[in-house]
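Below is one structure, written out as structure tokens, with a few remarks after it.
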Amino acid sequence: MIELVCNLHSHTRFSDGVGFHRDVVAAAVRAGLDVVGVTDHNVWVGGVQGYYDRVLLLVGEEVHDPFRQPQANHALILGAGREMAMEAASPQALIDAAREQGALVFLAHPVECVPRWLQDWLGEPALPWVDRTVVGFTGLEIWNTMSEFKARLRTPLHALYYAFFPQRFLRGPFPEAIRWWEQLWLSEVPAVAIGGADAHGHAYTLGPWRRVLFPYEWLFRAVNTHILVDRPLHRHPEVDWLVIRDALQAGRVWVANDLLGSSRGFRFEARSGHRRATMGETLRRAGAVQFEAVAPAPGEFRLIRFGKGVVARARGRGLRHLTEEPGIYRIEGYRGGHLWILTNPIRVI
């Protein structure tokens, strides 16, 4: 397996970002990404997808119904190759149309809470995903940097504090999002969890202070999606997208706050006899099952069984655990008390 570090959610001047595609890619290069996605609101920009320097730029779209009140149900669509906003009025029709195009659909910032004072200041309401009857989507954007930032700003003093110490607000996905994700898996819906920056590059003003809190580069060093692809990329954008699409759809993915230390090189596997599986895969037991997580830096690691909670803990550069119990298992890794790594699960049957 070959690892790619990706950030699949950003915006340019074609919607509500401050930079152009070239600015997003330049920031991705400086941040050490392999893949960056631009997903402007209700606009798909053709003719720019491709390699720039060593980074692959993917062009998708964040689609929502602008006439819906209150606003909700934003979908990240990757790989459609055309404009999808005309389907926005019906979330299910949008998902169906995108999948017919061979695209992936992730429910963007599916759980979001914005304090009232912040809504008044920014003029931006919370934008959760509220239609939970939809089917056929690929997964959830379970950790969204900007959603978490807004939720942490309980007062203007919090805003001032995090303006100068932005790395301290990143603690992990909202518990409700985790519960929803686990329930999907327990209901036989293998939703893939990804993370994203939701990068716009905006400056914010609070009284006499004006600060560019989240330039693209900073965000691309924070919450990222790490993907394991099964063959090398060849610098052919359309072919390489298919390799990435297959890995994302399979769930060979973990989400990491790489500000706490690069998680490049992390691995999580389960073995039973001569059989083995990694994230997103199913392992049929041939006796006991050995779980192993290996990390590039020390931390605290927890093996979590969906519906049951933590079943094993370890400190150091990983975790090993032997069990005979079937179930759906994932890893969480922590550094300094903050969530560092969250994997997609391995199903054991």
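What to note about this one:
- Full-extension gain in nm, Arg264 to Val43, via 0.36 nm per residue minus C-alpha separation: 76.3 nm
- Comparing Cα centroids, the range 59-91 and the range 98-117 end up 9 angstrom apart.
- Over the range 209-255, volume per residue of the alpha carbon convex hull, in Å³: 106
- Relative contact order [Cα under 8 Å, 6+ residues apart], the range 1-86, whole percent: 25
- Length gained when the stretch Gln119-Phe165 is fully extended (0.36 nm per residue, less Cα-Cα span): 14.4 nm
- Most simply put, the range 96-234 has about 30% antiparallel DSSP beta bridges, counting only bridges with both residues inside it.
- Only alpha carbons enter this Debye calculation for the range 227-349, each as an equal point scatterer, and the log10 of I(q)/I(0) it gives at q = 0.20 Å⁻¹ is -1.09.
- Angstrom value of the Kirkwood radius, inverse mean 1/r, which spans all Cα pairs in the range 1-151: 16.0
- Here the calculated FRET efficiency for Arg284 and Phe20, from their Cβ-Cβ distance with R0 = 56 Å, stands at 0.70, rounded to the nearest 0.05.
- With all protein chains modelled, accessible area of Thr278 [1.4 Å, Å²]: 10
- Other-chain or far-sequence residues with amide H under 5 Å of Tyr51's (modelled H): Leu57
- DSSP beta bridges confined to the range 1-109 are antiparallel in about 60 percent of cases.
- Of all DSSP beta bridges confined to the chain, the antiparallel ones make up roughly 80%.
- Based on alpha-carbon atoms, the Kirkwood radius and the radius of gyration of the chain give Rg/Rh equal to 0.95.
- Efficiency of FRET from Cβ geometry, Glu188 and Ala93, R₀ 25 Å, rounded to 0.05: 0.60
- Per-residue ellipticity at 222 nm from helix content only, as computed over the chain with -39500 (n - 2.57) for each DSSP H run of at least four residues, stands at -6500 deg cm²/dmol.
- Residue-span extension gain [Val294 to His234] - 0.36 nm each, minus C-alpha spacing: 18.8 nm
- Max mean-square fluctuation residue, GNM over the chain, Cα-Cα springs under 10 Å, options Trp117, Trp185, Trp218: Trp117
- Among the trypsin sites (Lys or Arg not before Pro) in the range 140-199, those placed in a DSSP loop whose Cβ has at most 15 other Cβ atoms within 10 Å are Arg154, Arg171.
- Accessible area, probe 1.4 Å, largest first, for residues Ser187, Ser15: Ser187, Ser15
- Around the Cα centre of the chain, unit charges on the Cβ atoms of Lys, Arg, Asp and Glu (plus for the first two, minus for the last two) sum to a dipole of about 1440 debye.
- Between Arg320 and Arg13, the FRET efficiency from the beta-carbon distance, with R0 = 51 Å, is close to 0.55.
- In the chain, taking the dipole from charged Cβ atoms about the Cα centre, the farthest positive-side position among Leu228, Pro190, His9 is held by Leu228.
- GNM remark for the chain: springs join alpha carbons under 10 Å apart, and the peak mean-square fluctuation among Pro237, Pro70, Pro115 falls on Pro70.
- Heavy-atom accessible area ranking, 1.4 Å probe, most first, across Met1, Met84: Met1, Met84
- Protection proxy ranking, peptides 18-29, 308-319, average beta carbon neighbours within 10 Å, highest first: 18-29, 308-319
- Longest to shortest principal axis, alpha-carbon extents of the range 32-97, angstrom: 41, 20, 16
- Surface per residue (accessible, 1.4 Å probe) for the range 131-241, Å²: 44
- Look at the alpha carbon pairs under 8 Å that are at least 6 residues apart: their mean separation over the length of the chain gives a relative contact order of 14 percent.
The values are calculated or read from the model by the stated rules, or taken from the named source; none is laboratory data. Please read these numbers as outputs of a predicted model, since none were measured by experiment. A quick note on method: Cβ atoms are made from the backbone with ideal geometry, for glycine too, and the neighbour counts reach across all protein chains shown. The protein model used for the area step is the full one, side chains on, heavy atoms only, and it has no ligands, DNA or RNA in it. Shrake-Rupley method; radii C 1.70, N 1.55, O 1.52, S 1.80 Å.
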